[in-house]
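Bear in mind these aren't lab numbers, they're just calculated from the coordinates by the rules spelled out. If you're wondering where the values come from, they're calculated on a predicted model, not measured in any experiment. We place every Cβ from the backbone using ideal geometry, glycine too, and count neighbours over all the protein chains shown.
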Amino acid sequence: MAKILGLGGVFYKCPHVAAYRTWWQTHMDVEVAQWGSMEWAPDGQGQTMMSPFDAGTDYLDPSQRDFMINLRTDDARAMLSKAVAGGAKALGEVTEEPYGIFAWFLDPAGIKIELWEPVTPQE
């Protein structure tokens, strides 16, 4: 049965992204990945990140909120189906990347939710 495994990250709009990342790196000792996310090393429970986006980004659209929540799941497609069955609005197409499968929806509060099914290492 498909289920949410935990928080993958929080993505949000930020007026001065570079300075914001530098503040977190300098004052809070947070690593900034080459793609700009602030990430914490896996602790055996899964990856967690927070990622500022330029204030003009359209990545969070069509939500009117300044943030998006990324949730780790064991089955992005099935979780999207469950969300839609519950009245959520599916957004775009399910996308497969080398690091996982992604699906998006607007929840009943209008918050954009990104479902992330991380790839499992091949044996």
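Given a cut-off of under 8 Å on Cα pairs at least six residues apart, what relative contact order in percent is computed for the chain?
Answer for the chain is 27 percent.
List the residues whose amide H sits under 5 Å from the amide H of Trp104, counting only those 5 or more places along or on another chain, with H placed 1.01 Å from N in the peptide plane.
Leu91, Leu115
Quick one: Karplus J couplings for the stretch 113-120, per residue in order, coefficients 6.51, -1.76, 1.60, θ = phi - 60°, nearest Hz, x for Gly and Pro?
10, 10, 8, 10, 9, x, 5, 9
Most exposed first by the Cβ proxy, i.e. fewest other Cβ within 10 Å, how do Phe11, Phe102 rank?
Phe102, Phe11
Calculate how steeply helix 17-28 sits against the longest principal axis of the alpha-carbon atoms of the chain, using the helix alpha-carbon long axis, and give the answer as 0 to 90 degrees to the nearest 10.
Approximately 70 degrees, to the nearest ten.
For Thr73, list long-range residues whose amide hydrogen, built 1.01 Å from N in the peptide plane, is under 5 Å from its own amide hydrogen.
It is Leu5, Trp116, Glu117, by chain and number.
May I ask you to compute the full-extension gain from Ser81 to Leu7, defined as 0.36 nm times their residue separation minus their alpha-carbon distance, rounded to one decimal in nm?
Full extension from Ser81 to Leu7 adds 24.7 nm.
Under 16 Å Cα-Cα from Lys112, which lysines qualify once same-chain neighbours fewer than 8 residues away are excluded?
Within the straight-line limit of under 16 Å, Lys112 reaches these lysines: Lys13, Lys82, Lys89.
Using the basic label-point model (7 angstrom from Cα toward the beta carbon), what is the Lys89 to His16 distance in nanometres?
Result for the modelled spin labels: 3.5 nm.
If each residue's Cβ is checked for other Cβ atoms within 10 Å, how do Trp35, Trp104 rank with the fewest at the top?
Listing Trp35, Trp104 from fewest to most nearby Cβ atoms yields Trp35, Trp104.
For the stretch 99-104, take each phi angle, set θ = phi - 60°, evaluate the Karplus expression 6.51 cos²θ - 1.76 cosθ + 1.60, and give the result in whole Hz per residue in order, putting x for glycine and proline.
For the stretch 99-104, the Karplus curve yields 9, x, 10, 10, 9, 10 Hz.
Determine, for Glu39, Glu96, Glu117, the number of other Cβ atoms within 10 Å of each Cβ, and report the residues in order from fewest to most.
Taking fewest neighbouring Cβ atoms as first place, the list is Glu96, Glu39, Glu117.
Rounded to the nearest 10 degrees, what's the angle between the helix 76-85 long axis and the longest principal axis of the chain, both from Cα atoms, 0 to 90?
Compared with the principal axis, the helix lies near 70 degrees.
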